[in-house]
Every structure is written in structure tokens, then in C-alpha cells.
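Chemist: Before I ask anything, let me first share the structure, which is written out below as C-alpha cells.
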Amino acid sequence: MTMIGTRALWRAAKNRPTSVYHRVGLASSENNAFLRSERILAPSLLQTTTTTVQPYSTSVSKNCFSSCSSLCNSTIQKKDFSTAAATAKNDCEFLANAELCGYSELEGWLTQGGDDRSLILPKTGANKYHIMPKPINKDAIFRGSCTCNAPTERGYLAASELYGKEFEGKSSDVVDEKLSEIFENQRQRIASSLELPEGTEVVLCPSGSDAEYLPIVMARMLCGSSEGDEVRPMLNVVTQLKEIGAGSSVASGGLYFSTHAPLSGRLADSEGRLAGFDDIEEISIPARERNGDVIDGSKKALELAAASEDGTYTIIHGVFGGKTGLRDSVMPGSASIENSMGVIDACQGRFSMEELHSWLEQDSIVLFTASKFYQAPPFCGAVFIPKRIAERLSQVTEAPKPKEMFDSLSGFLTDKELSPCLESWKPLLKKNTSNNIGLALRWEAGLAGMEALGNTPDPERVAAVEEWAEKVTDMVQAEPALDAWCVERSIISVRLSKGDSSWRSMSELRDVYRLMSLDLSSVVPADASPEEKRSLAVCCNLGQPVDVAESHAILRIALGSESLAAYIDDKGKTLEEDRMAVQKLASLAKYYDHLMESGI
């Protein structure tokens, strides 16, 4: 795919010092906010700041999923969550919340085996992104694939079929045995869908954030960290802070990033660092300057690696599509795997086959998810291990030390999700009583989206994305209150005017993000035009806001695999949905104050 040229305000940062955020600690609070102590390093600046990352607000109202305003969806028949496989303590909270809100057994299991982002909140009947574990209504619009996806109809049916055939009513022993076969089948189908080169191995994991733990442990194997050896210090450099997943940089430092671990449940307040994940220095480079200019994170990362102390194992990240679609200038390879590793964060899934294959050919570890572009429900991740590294890992017959690493990893993975080259890990992660059924269901839904596009040649997909982005950008630019601040492939980042020369802030766009998902017909201003009234009644999910500059934040209109397939099949119908979404966004910009005063 090629970069799409638009009226986007990409401005190269010239002769400005770049700030590096160096993580030194983490604590979690009861409201899921993370308190991060960071050193901001620049040539003339050294200070300590505390940043609070707040969860998104929630509201009970008519939304994309339900036409009623009850606390939870009352149209779904409640079932007793009695599947014998529900044995892990984490299952209990996730399944109990789903049952409380009236979801079916399948829909409850779609939330299982994740972290706090997947947990259904009883107050709203949705997760923290206002997403429910069922398809949206037929008359709703979904353009939020860059954040969190509701199951598509196609994905929901695929997950339902797998659940009914392999899991429903089965004993935990049967599920334990069957899940190994299911994950192996899914690994093979992922490799086939993405045409992975022969010898590439696939490890499944709960999300793109959890995936960050795996390169650390693989690096310990590759640098000869076995019993009797000293553990080498490690430098893990992460780019695009604030435009990658909020938990990715935290996990890269060997820290817990959520209040929950997928297979061990709610964490104690004292659990900050994963046991065994010591001697890791993690440095995060921001995606942008405070004025929104792009920072060349690749250049800074390579400088930091070159300046690291002798004997330090370095892991260098490259991001191929952050929250706004921003791509680093260099995708690092692994030239000397005994001393360094290149990791590509391609979790958005917005790449061409040619690009993916080029990373694997240069021995880059690739992090991928089907829960962004391919619209699987939240979340499902994978790590692609190139052939040469897989062969080297296969030769290491002993798991790396310290063994406490695997006690920690067992909260995220079992032996069933691993590929053959990590055979030495399997005895340490084998847990017959812990099965990530939810991950299997979510991957099944994601594979339905991947395989649906399988008959569309890559060049045709690229051309369709470029055409869609150009047309929707023109719609945005035609609205006086909106500005297509940047456009990267299938993500259009939009800022909203306050009606003067200023733009809406992050906190204000959190409100807009929530209001976009609601039917606002009950609070439409009397002087709104007929078109504005129609748009305000439509439920629409967009990508969550991103704080890109001191002067403003942006919301994202993002094409996913299902909407791309729909566009290829019927451009007019799909663009009419986009026109309605843009109109609602413009109406919210215009009537923001009125709607906030309404108390909705």
C-alpha cells in the first residue's frame, strides 16, 4: 500500500530537540487509570512528571447495539454459564458480568481470556469502549476498527459455530485436548491468509500488548541466558508513544499493563513488574512534538541502541501504523540475533503482503492482531517468528532463565498457543485447568474477516482503500467545522472546530466519541436542520480520540475489512454511510454545548 496524499497537516520536525520518555515506574488505581512516572529527557530539560491516563466515560442510552435504554440488553435470553471449561478465576468475573447484563453464553465467552478492556461494565452493558459482544444493529454505522470492534455478523456466526461444535456443554478435559487442535488450525489459517513464507511460525496471544512480553523472553533464549549464565541487561526501545496501544510500552518494560491478566484474573495492587522480567531498561519515544510535528523515532531509537553499554541486548521497535496510521521511517531487522532484535508493531493490520514479507525476510519479529483492521472482537494477537529465528530458537532445548518468567507468562499464555520452536517453554506453561476459550472464539471471528478478503487481490484492496480515503476526506473537508488533520491509508484523523480559531480538546472529544455511538433524537436542538436531525439519530462508532498536540485532539474514521468488502461490493451504499457519519460528527461539533447541557 502507498501513503495517501491529502490536505493532512504532516509537518516535518526541523531543528527541534526530541523528547524521550523513559519509563521508570508504574502503579495502578481502582478506576483502571495508570499513574506513570516518566523522565522527559532533552538536551536542556530534565524533569519528572506524573501522567494520569483516564478511562473513557460511559453512559446508558440508545446505542449502536440496542434500541432500548435499559441497563443491559433485555432481549437476549439469559443462560446459566455452566460450561465445564470455566475454571480459571478470571473467567468468573468476566462471565458473571456478561450474564448479569443478559448476554448469551457465547457472548460471555467472547469477553473471556482478556484484560480490563474486554470486561463488560454492568452500569452500561458494554466495555470501556462502549462496545458489546454482539453485532451492531443493521441501521448503525461502524468505522472504529482502529480501536475496538464489535463482532461482525460474519465473525459472530463463525465464533458461534465453533462454540456450539467444540465447547458448549463439554468437560474441561475435552476442551483442553480440543483447544490444542483448534489453535493449531488457526495458526495454519493465519499463515495461509497472509501468505507467510515457509518456515515462519505463529504464536497466538490475547492482544498486541501481551505480545510485547514474547520478544523479551525470546531474546533471553537467543543471547544464551541459561542456568549458570548471568542474565544480560536488556534495552527495549519503543517508538510512537501515545500512538501505540497504551499498554504496549508498559509491557515492553516487563510490567503489568492492566488490572487483570487474561488467565489469572484481577491482579493484586502490589503486582507491578512480572516476576523474572528484571534488568530491562525500556525507553519510549513519543510519536510527536507538543505542537503535533512528527518525531523521527526510528533515528532516535538507532542512536539509543548505538549508545547502549557493551553486553546489553537491544530490542528496537518500528511501528507500521499507529493510532493515526503513522509509520516509522525504518522497520528494524535482526542483523545479529545473538545481540539485537528488530520488532515490528503491525498490530493495526494495515499493510500489504509485500511489506509483511519484507519484514520477515530481514528477520524482524512481527506483532499482529486481527482485532483492528480485520474486525475481530477485542482482542486477539499473534507474533510472527521469521524462519531463521525460529530455527535458532528450536536449537535451544532449555528454557531461558530465570524460570520465574514463566510463572508470570502463565497468566497470559498456555502451551497450546505456542508454535513448535518454543517447545522448551511448553512444560512450564502447561495448565490443564486454564484454557483461553475466548481467544479461540475471537480468532475464529477474525479469521472469518481475513478469509473473506482472501479472494480480493492485494492491488485491488490497495486501490479501493485509496479511493475510499480520498472520497471520505473530501466529505470531511466540505464541512466547515471539521478538518482532516491527517490521512494514512484507511484511517482519517479528524479535528473538530469550536466555532472560532480553536479546536476541541481530548476531554471534549471523549464526549463526542461517546455521543457518536448514541441515538440523540431525544435531545436534538429545535433549530437543527432536517439533515442534522437525521444524522444525530444515527448510532455510529468511530475510533477513539487521540491526543496529538497541545492545541487539539482528533477522532478517527477507520475502514475495516468488513467495510472494505462492502465498499468493493457497493461503493454508493458504503459512502452514504460515511456521509452520514461525517454529518453527525459535524452536527456534534456545531451543537456540542447544547448536547452536553442536556445531560445525556
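The values are calculated or read from the model by the stated rules, or taken from the named source; none is laboratory data. Note that this is a predicted model, so its numbers are computed, not measured. Methodologically, a virtual Cβ is constructed for each residue, glycine included, from the backbone with ideal geometry; neighbour enumeration extends over all protein chains shown. Note: areas computed on protein heavy atoms with side chains; ligands, DNA, RNA excluded. Shrake-Rupley method; radii C 1.70, N 1.55, O 1.52, S 1.80 Å.
Chemist: Using a 1.4 angstrom probe on the protein heavy atoms only, line up Asp278, Asp415 by accessible area, largest first.
Modeler: On the way: Asp278 80, Asp415 25 Å².
Solvent-accessible surface, decreasing: Asp278, Asp415.
Chemist: Is the shape of region 343-456 rounded, prolate or oblate, going by the alpha carbon gyration tensor and its root eigenvalues a ≥ b ≥ c, with a/c under 1.5 for rounded and a/b larger than b/c for prolate? Intermediate values should be presented prior to the final figure.
Modeler: Numbers: a/c = 2.41, a/b = 1.31, b/c = 1.85.
It comes out oblate by the Cα gyration axes.
Chemist: What aspartates and glutamates does Lys170 reach when the alpha-carbon gap must be under 18 Å and sequence neighbours fewer than 8 apart in one chain are set aside?
Modeler: Hits, sequence-local ones excluded: Asp80, Asp91, Glu105, Glu107, Glu161, Glu181.
Chemist: So, one more: Normalised by the number of residues in region 479-530, what is the relative contact order in percent for Cα pairs under 8 Å and 6+ residues apart?
Modeler: This gives 20 percent for region 479-530.
Chemist: Quote the relative contact order of region 474-567 in percent (integer), defining contacts as alpha-carbon pairs under 8 Å separated by 6+ residues.
Modeler: Once divided by the residue count of region 474-567, the mean separation gives 30 percent.
Chemist: For labels at Ser551 and Ala566 in the simple 7 Å Cα→Cβ model, what's the distance in nm?
Modeler: 3.4 nm
Chemist: Taking loop as defined by DSSP and a crowding limit of 15 other beta carbons within 10 Å, which GluC sites (Glu not before Pro) in region 493-600 fit?
Modeler: Glu550
Chemist: Just going by the charge dipole of region 227-305, with Lys and Arg at +1 and Asp and Glu at -1 on Cβ, which of Val294, Val231, Phe257 is farthest out on the positive end?
Modeler: The one lying farthest along the dipole's positive direction is Val294.
Chemist: Can I ask one more? So for Glu93, Glu230, what's the accessible-area order with a 1.4 Å probe, most first?
Modeler: Glu230, Glu93
Chemist: For a quick check: with amide H placed at 1.01 Å from N, whose amide H comes under 5 Å from Gly381's, ignoring anything fewer than 5 positions away on the same chain?
Modeler: Those qualifying (amide H under 5 Å, at least 5 residues apart or on another chain) are Cys205, Ser207.
Chemist: Now for a separate question. Enumerate the residues in region 580-600 having an amide nitrogen under 17 Å from the point lying 7 Å beyond the Cα of Asp527 toward its Cβ.
Modeler: Counting only backbone N, you get 587-598.
Chemist: State to the nearest 20 debye the size of the charge dipole of region 336-385 about its Cα centre, where the only charges are +1 on K and R beta carbons and -1 on D and E beta carbons.
Modeler: Working: 2 positive and 6 negative charges, 66 e Å.
I would put it at about 320 debye.
Chemist: Give the Kirkwood hydrodynamic radius (Å, one decimal) of region 108-174, defined as one over the mean of 1/r across all pairs of different Cα atoms.
Modeler: Working: mean 1/r = 0.0744 Å⁻¹.
The answer is 13.4 Å.
Chemist: Tell me which residues come under 5 Å, amide H to amide H, from Leu496 once H is placed; ignore anything under 5 positions away on its chain.
Modeler: Those qualifying (amide H under 5 Å, at least 5 residues apart or on another chain) are Arg504.
Chemist: List the residues, sorted by chain then number, that are 5 or more residues from Ile344 or on another chain and whose placed amide H is less than 5 Å from its amide H.
Modeler: Hits under the 5 Å cutoff: Gly318, Ile365, Val366, Leu367.
Chemist: Moving to a separate point now. Suppose R0 equals 30 Å; then what is the FRET efficiency for Lys471 and Glu355 from their Cβ-Cβ distance, rounded to the nearest 0.05?
Modeler: 0.80
Chemist: What are the ³J(HN,Hα) values, in whole Hz, obtained from phi via the Karplus relation 6.51 cos²θ - 1.76 cosθ + 1.60 with θ = phi - 60°, for each residue of region 411-416 in sequence order, with x given for Gly and Pro?
Modeler: x, 10, 9, 10, 5, 6
Chemist: For Leu235, what is the net charge nearby, where nearby means another residue's Cβ is under 11 Å from its Cβ and Lys, Arg count +1, Asp, Glu -1?
Modeler: In short, -3.
Chemist: Starting from the Cα gyration tensor of region 302-342, take the square roots of the eigenvalues, sort them a ≥ b ≥ c, and report rounded, prolate or oblate (rounded when a/c is under 1.5, otherwise prolate if a/b is larger than b/c, else oblate).
Modeler: Prolate, since a/c reaches 1.5 and a/b exceeds b/c.
Chemist: Here's something else I'd like to know. Could you work out how much longer the chain between Leu157 and Arg290 gets when fully extended? Use 0.36 nm per residue separation minus the Cα distance between them, nm to one decimal. The partial results should precede the final answer.
Modeler: Working: separation 133, 0.36 × 133 = 47.88 nm, distance 4.46 nm.
Fully extending the segment from Leu157 to Arg290 adds 43.4 nm.
Chemist: Distance in nm between label sites at Ala335 and Arg534, each 7 Å beyond Cα in the beta-carbon direction?
Modeler: Rounded to a tenth, the inter-label distance reads 5.9 nm.
Chemist: For region 135-242, state which trypsin sites (Lys or Arg not before Pro) are in a DSSP loop and have at most 12 other beta carbons lying within 10 Å of their beta carbon.
Modeler: Listed in order of number, the matching sites are Lys138.
Chemist: Oh, and also: How big is the accessible area of Ser352 in square angstrom, nearest 10, if you roll a 1.4 angstrom probe over the protein chains?
Modeler: The accessible area comes out at roughly 10 Å².
Chemist: Net charge near Arg117: determine it from the other residues with C-beta under 14 Å of the C-beta of Arg117, scoring Lys and Arg +1 and Asp and Glu -1.
Modeler: Summing Lys and Arg as +1 and Asp and Glu as -1 gives 0.
Chemist: A follow-up question, please. Over what distance in Å are the Cα centres of region 561-593 and region 412-441 separated?
Modeler: Answer, in whole Å: 41.
Chemist: Continuing with this model, one more query. Taking a probe of 1.4 angstrom, what is the accessible area of Tyr592 in Å², to the nearest 10?
Modeler: Roll a 1.4 Å probe over it and Tyr592 shows about 20 Å².
Chemist: Something else: With a 1.4 Å probe and every protein chain left in place, work out the accessible area per residue of region 399-480 in Å², rounded to a whole number.
Modeler: 34 Å²
Chemist: Go through region 187-228 and name the GluC sites (Glu not before Pro) that are in a DSSP coil and have 14 or fewer other Cβ atoms within 10 Å of their Cβ. Don't skip to the end; give the middle numbers.
Modeler: Details: sites: Glu195, Glu198, Glu201, Glu212, Glu227; in loops: Glu195, Glu198, Glu227.
Within region 187-228, the qualifying GluC sites (Glu not before Pro) (loop, at most 14 other Cβ atoms within 10 Å) are Glu195, Glu198, Glu227.
Chemist: Considering Cα pairs under 8 angstrom that are at least six residues apart, work out the relative contact order of region 86-227 and quote it in whole percent.
Modeler: 14 percent
Chemist: Over all alpha-carbon pairs of region 482-600, lay out the pair-distance distribution in 10 Å bins, whole %, shortest bin first.
Modeler: 13, 45, 33, 9, 0
Chemist: Greater than 19 Å separation of Cα atoms is the criterion. Which listed pairs, Lys242/Lys372; Lys138/Lys571; Lys242/Lys471; Lys403/Lys430, meet it?
Modeler: Lys242/Lys471
Chemist: Quick one: net charge around Lys387, please, counting Lys, Arg +1 and Asp, Glu -1 for every other residue with C-beta under 13 Å from its C-beta.
Modeler: Around Lys387, the surrounding residues sum to -3.
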